[in-house]
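Here is the structure we will look at, set down as structure tokens.
The values are calculated or read from the model by the stated rules, or taken from the named source; none is laboratory data. Remember, it's a predicted structure, so these values are computed and weren't measured experimentally. To get the accessible areas, we keep the full protein, side chains included, count just its heavy atoms, and leave off ligands, DNA and RNA. Shrake-Rupley method; radii C 1.70, N 1.55, O 1.52, S 1.80 Å.
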Amino acid sequence: MPKSDIHPTWYPEAKVICNGEVVMTTGSTQPEIQVDVWSGNHPFFTGTQKILDTEGRVDRFMRKYGMASSDLNEEKDESSKEKKES
């Protein structure tokens, strides 16, 4: 027979709070969960994510697999021309 009173209290309607606003409810062992980031304000899920490419890795990948857009190629051509002229 299992022991009684060894499990924490389960809250089936626990509130998830982000920036003072209830963003969702879920089941948890805590009645309230404070979060800084959730899917509603995370850049990956909102589509505002910026890729930081300090060494050209993303551009190199895009060129290698034929996914480079014409805009990227035009920008590179212009920047290489400016460097040659200097």
Complete set of residues in segment 9-18 that are open to solvent by 90 Å² or more (accessible area, probe 1.4 Å) and part of a loop (DSSP other than H, G, I, E, B): Trp10
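Listed here are the residues, each with its yes/no results for (1) open to solvent by less than 70 Å² (accessible area, probe 1.4 Å); (2) basic (Lys, Arg); (3) at pLDDT below 80.
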| site | (1), (2), (3) |
| --- | --- |
| Ile6 | no, no, no |
| Lys64 | no, yes, no |
| Met67 | no, no, yes |
| Leu72 | yes, no, yes |
